[in-house]
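Input: a single structure, listed below in structure tokens.
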Amino acid sequence: MRPFSYQRVTDPTAAVQALSAAAAANDALTKAAAQPLAGGTTLIDLMKLDVMRPTAIVDINPLAQGWSAIEPGNDGLRLGALAKMSDVAAHEQIQRHYPVIADSLKLAASAQLRNMATLGGNVMQRTRCSYFRDVSYENCNKRNPGSGCAAMDGVNRMHAVLGASDQCIATYPGDFAQALIALDAMVAITGRSGTRNMPFAELHKAPGNTPEIETTLRPGELISAFSISGRWPRSVYLKARDRQSYEFALSSAAVALDVQNGTVRDARIALGGVATVPWRAREAEAVLKGQKFDDGLAQRVADAAFADARGRRHNSFKIALGKRVVARALQQAVTMEI
Amino acid sequence: MTAAAPEPKTNMGQPVPRYDAAAKVTGRATYASDMPLDNPAHAFLVTSAIARGRIDNFDLDDAKRVRGVIDIVTHENAPKLKESKLFSNGGYAGTTIQPLKSADIAHDGQIIAVVIAESYEAAREAANRVKVRYTATTPSATFDSPGTTTAAAKGQNAQFKEDPGVGDFAKAFGAAEVKLTAAYDTPTQHHNPMELFSTSCVWMGDNLVIYEGSQFVYGLKNGVAEQLGIDADKVRVVNPYVGGGFGSRGSMTPRTAIIAGIAKRLNRPIKLVPTRDQGFTITTYRAETRHEIKLGANRDGKLLALRHEGAEVSSRADAYCVGGTKTTARLYACPNVASLVSIVRADRNTPGFMRSPPEVPYLFALESAMDELAVKLNMDPIELRRINDTTVEPIGGKPYTSRSLMACFDEAAKAFGWAQRSPQPKSMSDGDWLIGYGCAATCYPTQMAPSAARVRLQRDGRTRVEIAGHEIGTGAYTVIAQTAAERLGVPLEKVAVFMGDSDLPPAPVAGGSNSTASTCSAVMMVCDQIRQRLFKAVMPDSLTDKAKETVGISQAPATQAAKSDRPLDIEKAFDALGVGVVEEYGEWKPEGAPLDSFRAMHSGQVRLVGGHTMKDQIAYAFGAEFVEVRINRFTHEIRCPRLVGAFAGGRIMNPRTARSQLMGGLIWGMSSALLEATEIDERNARYVNDNLADYLVPVNADVPAVEVILLSEQDDHINPAGVKGLGELANVGTNAAICNAIHHATGQRIRKLPVRLENIEV
Ligand SMILES: Cc1cc2nc3c(=O)[nH]c(=O)nc-3n(C[C@H](O)[C@H](O)[C@H](O)COP(=O)(O)OP(=O)(O)OC[C@H]3O[C@@H](n4cnc5c(N)ncnc54)[C@H](O)[C@@H]3O)c2cc1C
Ligand code: SF4
């Protein structure tokens, strides 16, 4: 770790100011000199590994008073960015009306981490690519733009089969973001000119030619809340992984359905563990919508979800696995008792 | 899963809780890096980012500017150290690759610089700012990499004396009615003990004290002295607790003498705490292996021919090898056996002991092959073992001192519910999950080594036992205290045991599961010396001197001795002697130990006796392991909800601590089968997943139920304590048991570890 200054901020304006102060010419937020600190479970890790080298840490935890509410309502849900993963996962109303959200959080990380980690920090967590996290490897376009990608032809079992580019194949590792993107969540962003709302789907950026730019947030901007309209009791988060707990997804599916008399009226499918960003499988949804559900349809939907997938040496299995996970998640959602 | 301590059966001690338990779970136990030091400087390692080549130059300017940096040591200014030979060649070292000696780099993560600073943080920051320019050469990573060399182990490794064989394998295999040929692979694995590979070195004048988690304080003391060129009496190694060893702390690593040398130069205590990832390259590991097994049998399942060929990776510098054919060639009755072990040299750090080093990979191969043969024969796999069970090993014709393999199979099968298994693969399921039952034999050689001990008894019964043994998490303090209490007839609470200090009487390496057998045999002997002195003092004068000589000494195992029919009145004996304290020192060696045993013991060299190296007998502990696996039809996730093992290991000193060892072994075995593997980037021979997030080990949810059954077994032929050693018994058979269960669940035979969901095709 390198030396940094530490500042606790007690109101959003001060936070935004502190974060923008040092942020003049930076194009990538991840390289910004000032970084907000929430639970610290991603940030401190990466600082110890010397991957992130901020010179100023702005502790936003005092904002929790205003930014950690969990507010389920009749026509939607609002979640503060500083709400803890564990609190949201354990919330009775969320479990009932948004099982996909509760499960995506409950199945993530460990109890200790969930007690520390916040929703805002969670969606901003960075890839687990081993080459990214080990600075002794020169070749990592995300960490070291233009240096190449060690994972491309290296050990890439955990890497992405969807949304990759020639520059980077790193997986977006989180779980919760799939639930958000599936449910068409909006994200509230607080910056210099106040708070704006944007579809969560516009937050993350696929690597393309600039894998170091991971989100559309600018230095000085903070996520303050997430919101979702409607209720999604018929929803499922299915996660396949090497261990029974405390492990990232090899493949996961967030599925939310509206089924009437066996016909799928609305369908939302998002994929985790297989893509470079939280991945909405819209083509697959199109195959499903308006149809009578059966196992054959589930199979066609799953095929559509992975139509563009491309495997590499160690991760090709994720394509077949991902399809089975999608199909199974759909079956589970359809047969849910609600 | 029940947490209650098992009831002792015949020939078992009491299940007393370990007396250091509370200290450990409350964080009061002091590990090496917890030792308070007076004004220490902190060291941080810089390790190489290439696996083969040279350092052209360092740019240290940026690093030196970090506030608090005291010194940066590279090969250009490192203290000069003498070489130490590999432990298997009469030295102490786990590797002969000595870092900081030249600009050459022999493996990934080699130590190339040591930053010394006023604080850990400054040292680490400066280390991050060290810039290195290399000239890299393409390294050879592993099997099949261009540039590796392969040769028979025999002749390269002094401890691998021969490829065991008997009869005419080729002929018998050719003629066999049923034949099996199969190849198996095991991966690279790292120990990852909780305690990092720290070391602290403190000089007091010419005397050096080393605080370091070690499984062999006498080895480390002598090895570091040799490297520094000083008298071994000037070096003391201290570690009252060791935060896990698993073999990783059995031999000396280069870090210790380097830190000692720098501490001397700077005239200041130095504390080094390497990171988790550095632990992957600055110590040893379990190298990847390959096997080919050929089995020939008749229709009734009788083995006629067995051949086991193994290949193991080692470094360019050292011919380390585990050579498990010594066990697999002798496990079953088979008249025609052949074997061959070879070593493949690559640009890697030197591998070393890791829990049950030979048996884990080699028995995975053999016990998988036995299951495959049972399938071919359409026979229950337990019956196949029964048909080929033996009391005499086939190579040298020596009898097993005792062998309860089939009793273990029968007990474990009953507890597991093997009778409910429908033999057909893919025939059992529960909802989304395919169910498989599998089993395998497990075994581990019984080994002993010379050991000394000092025991002091006070008039009020308070007892102090001193022995340079090691508490690596097994419960050694408790078991040694029990031994002394029982032998002297004093209450357990009155016994204090001191270990983990090379100023105490020498004990062997805590490796090869020899500790309990060796240290307890020594402690028993010394307690007997005390008993003898006391007895003699209170014997009526009418007894002849000759009778006095022998009274009070029992060569029989511990059970009878303490409760001898001649209860000793300690106070009366002290009065008769007219002293306040009786203290005895003694040196014990196992039968068949070489002549130089005691000399070697004091100079930190191990003379293990046992297993197949005993003169007229062969000694092994046995067990049988049963597992249930469940495989998700959709995700192919593999889970292991139940592990059941039955084990026989001679006298069980303490069923509670024994069960913990065996339970841990079963869990590790499962982990080894399904999770653990160090990934190597073959392009550059570097370890990739060198951290505990990516190097997978089980979490609680992966281990819902483990049952350990301890069988009563009495073996009077092995050592005075009657103990076989259990530490490395349970993690041996599990790999095969799991793959055998996966075959039962899916019909798919998997011969390469670890088994991951992408390997399942259903
Ligand atoms: C061993 C391990 C296993 C894990 N397993 C899983 C898993 O299975 N599934 C899963 O989903 N996650 C997993 N995680 C990741 C974990 O969920 C995240 O680390 C955590 O959610 C991050 O939240 P935090 O509050 O600690 O963020 P921090 O570490 O404080 O912040 C993360 C990043 O986001 C920025 N940030 C924080 N808050 C805001 C905000 N309000 N607005 C803008 N930027 C912000 C920070 O500057 C930082 O760059 C695991 C983590 C570990 C260490
Ligand atoms: S996949 Fe992306 S993060 Fe990983 S090494 Fe390549 S560029 Fe870096």
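The values are calculated or read from the model by the stated rules, or taken from the named source; none is laboratory data. Since this is a predicted model, take the numbers as computed values, not measurements. Using ideal geometry, Cβ is built from the backbone for each residue, glycine included, and neighbour counts are taken over all protein chains shown. Surface areas here come from the heavy atoms of the whole protein model, side chains and all, with no ligands, DNA or RNA. Shrake-Rupley method; radii C 1.70, N 1.55, O 1.52, S 1.80 Å.
Within segment B:17-27, how many residues are at pLDDT 90 or above, open to solvent by 60 Å² or more (accessible area, probe 1.4 Å) and over 16 Å from B:Met194 (Cα atoms)?
Total meeting the criteria: 1.
State which residue pairs qualify: first residue more than 22 Å from B:Lys80 (Cβ to Cβ) and open to solvent by 50 Å² or more (accessible area, probe 1.4 Å) and inside segment B:228-252, second residue of a type in the set (Lys, Arg) and part of a loop (DSSP other than H, G, I, E, B) in any location, beta carbons under 6 Å apart, and separation of 6 or more residues or different chains.
Correct list of pairs: B:Phe246/B:Arg355.
Kindly check whether there is at least one residue in segment B:458-469 that is part of a loop (DSSP other than H, G, I, E, B), closer than 19 Å to B:Asp569 by Cα and of a type in the set (Val, Ile, Thr).
no
Touching a helix residue (DSSP H, G or I) at 6+ places or on another chain (Cβ under 9 Å), away from ligand 2 (no atom under 16 Å from the Cβ) and in contact (Cβ under 8 Å) with a residue 60 or more places away in the chain: does that describe A:Ala56?
In short, no.
Yes/no matrix, rows are residues, columns are (1) open to solvent by 10 Å² or more (accessible area, probe 1.4 Å); (2) within 27 Å of the chain's Cα centre (by Cα); (3) small (Gly, Ala, Ser):
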| position | (1), (2), (3) |
| --- | --- |
| B:Lys724 | no, yes, no |
| B:Leu729 | no, yes, no |
| B:Val732 | no, yes, no |
| B:Ala736 | no, yes, yes |
| B:Asn740 | no, yes, no |
| B:His743 | yes, no, no |
| B:Arg749 | yes, no, no |
| B:Lys752 | yes, yes, no |
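Can you name the residue in segment A:164-173 that is within 16 Å of ligand 1 (Cβ to nearest atom) and not polar (S, T, N, Q) and is also surrounded by the fewest Cβ atoms within 10 Å (Cβ to Cβ) among such residues?
Taking the candidates together, the pick is A:Pro173.
Out of A:Ala284, A:Ala333, report the one residue that is touching a helix residue (DSSP H, G or I) at 6+ places or on another chain (Cβ under 6 Å) and either crowded, with 21+ Cβ neighbours inside 10 Å or closer than 30 Å to A:Ile213 by Cα (or both).
A:Ala284
What is the residue count in segment B:619-645 for residues that are over 20 Å from the mean Cα position of the chain (by Cα) and open to solvent by less than 20 Å² (accessible area, probe 1.4 Å)?
13
What number of residues in segment B:112-145 are open to solvent by 10 Å² or more (accessible area, probe 1.4 Å) and in a strand (DSSP E or B)?
Summing the residues that are open to solvent by 10 Å² or more (accessible area, probe 1.4 Å) and in a strand (DSSP E or B) in segment B:112-145 gives 6.
Which residue out of B:Pro351, B:Pro361 is in contact (Cβ under 8 Å) with a residue 60 or more places away in the chain and assigned to a loop (DSSP other than H, G, I, E, B)?
B:Pro351
This table checks each residue for (1) of a type in the set (A, V, I, L, M); (2) more than 22 Å from B:Cys201 (Cβ to Cβ).
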| position | (1), (2) |
| --- | --- |
| B:Thr30 | no, no |
| B:Asp38 | no, no |
| B:Val46 | yes, no |
| B:Phe58 | no, yes |
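In this structure, is B:Thr516 in contact with a Gly (Cβ under 7 Å, 6 or more places away or on another chain) and either crowded, with 23+ Cβ neighbours inside 10 Å or without any contact (Cβ under 8 Å) to a residue 60 or more places away in the chain (or both)?
Taking the combined requirement at face value, the residue satisfies it.
Condition first: out of contact with any Pro (no Cβ under 9 Å at 6 or more places or on another chain), part of a strand (DSSP E or B) and within 14 Å of chain B (Cβ to nearest Cβ). Can you find one or more residues in segment A:242-252 that meet it?
Yes; the residues of segment A:242-252 include at least one that is out of contact with any Pro (no Cβ under 9 Å at 6 or more places or on another chain), part of a strand (DSSP E or B) and within 14 Å of chain B (Cβ to nearest Cβ).
Would you pick out the residues in segment A:109-140 that are β-branched (Val, Ile, Thr) and near ligand 2 (Cβ under 10 Å from one of its atoms)?
A:Thr127
In segment A:130-176, which residue that is away from chain B (no Cβ under 13 Å) and among the acidic types (Asp, Glu) is farthest from A:Arg312 (Cα to Cα)?
So, considering only residues that are away from chain B (no Cβ under 13 Å) and among the acidic types (Asp, Glu), the one farthest from A:Arg312 (Cα to Cα) is A:Asp175.
Restricting attention to segment B:699-712, which residues are more than 14 Å from chain A (Cβ to nearest Cβ) and more than 23 Å from the chain's Cα centre (by Cα)?
Scanning segment B:699-712 gives a single hit, B:Ser712.
Could you tell me whether segment A:14-29 includes any residue that is within 16 Å of ligand 2 (Cβ to nearest atom), within 23 Å of the chain's Cα centre (by Cα), under 21 Å from A:Thr216 (Cα atoms) and charged (D, E, K, R)?
no
Hey, any hits in segment A:227-238 for a residue that's more than 14 Å from every other protein chain (Cβ to nearest Cβ) and closer than 30 Å to A:Leu19 by Cα?
Taking every residue of segment A:227-238 in turn, at least one turns out to be more than 14 Å from every other protein chain (Cβ to nearest Cβ) and closer than 30 Å to A:Leu19 by Cα.
For A:Gly39, work out the one condition from (1) buried (at least 17 other Cβ atoms within 10 Å of the Cβ); (2) assigned to a loop (DSSP other than H, G, I, E, B); (3) within 16 Å of ligand 2 (Cβ to nearest atom) it doesn't fulfil.
The failed condition is (3).
B:Cys640 passes all but one of (1) away from chain A (no Cβ under 14 Å); (2) at negative phi; which number fails?
(1)
Do any strands (runs of 3 or more DSSP E) lying entirely in segment B:258-315 carry at least 3 residues that are open to solvent by less than 10 Å² (accessible area, probe 1.4 Å) and in contact (Cβ under 8 Å) with a residue 40 or more places away in the chain, and which ones are they?
B:289-297, B:303-315
So that you can scan it fast, the table gives a plain yes or no per residue for (1) aromatic (Phe, Trp, Tyr); (2) open to solvent by less than 10 Å² (accessible area, probe 1.4 Å); (3) more than 16 Å from ligand 1 (Cβ to nearest atom):
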| position | (1), (2), (3) |
| --- | --- |
| A:Asp153 | no, no, yes |
| A:Leu162 | no, yes, yes |
| A:Asp175 | no, yes, no |
| A:Ala182 | no, yes, no |
| A:Val187 | no, yes, no |
| A:Thr190 | no, no, no |
| A:Thr195 | no, no, no |
| A:Ala206 | no, no, yes |
| A:Glu214 | no, no, no |
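Could you list all residues from segment B:401-430 that are among the aromatic types (Phe, Trp, Tyr) and surrounded by fewer than 21 Cβ atoms within 10 Å (Cβ to Cβ)?
B:Trp418
Matching residues to (1) more than 19 Å from the chain's Cα centre (by Cα); (2) in a helix (DSSP H, G or I); (3) within 12 Å of chain A (Cβ to nearest Cβ):
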site	(1), (2), (3)
B:Phe647	no, no, no
B:Arg659	no, yes, no
B:Gly665	no, yes, no
B:Ser672	no, yes, no
B:Asn684	yes, no, yes
B:Asn689	yes, no, yes
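Tell me which residues, restricted to segment A:258-275, are touching a residue at least 40 places away in the same chain (Cβ under 8 Å) and open to solvent by 10 Å² or more (accessible area, probe 1.4 Å).
Those that are touching a residue at least 40 places away in the same chain (Cβ under 8 Å) and open to solvent by 10 Å² or more (accessible area, probe 1.4 Å): A:Val259, A:Arg268.
Being within 16 Å of ligand 1 (Cβ to nearest atom) and either open to solvent by less than 10 Å² (accessible area, probe 1.4 Å) or within 23 Å of A:Asp294 (Cβ to Cβ) (or both) is the filter here; which residues of segment A:227-242 pass it?
Answer for segment A:227-242, where residues must be within 16 Å of ligand 1 (Cβ to nearest atom) and either open to solvent by less than 10 Å² (accessible area, probe 1.4 Å) or within 23 Å of A:Asp294 (Cβ to Cβ) (or both): A:Tyr237, A:Leu238, A:Ala240.
Exactly one of these conditions fails for B:Ala63: (1) crowded, with 22+ Cβ neighbours inside 10 Å; (2) assigned to a strand (DSSP E or B); (3) of a type in the set (A, V, I, L, M, F, W, C). Give me its number.
(2)
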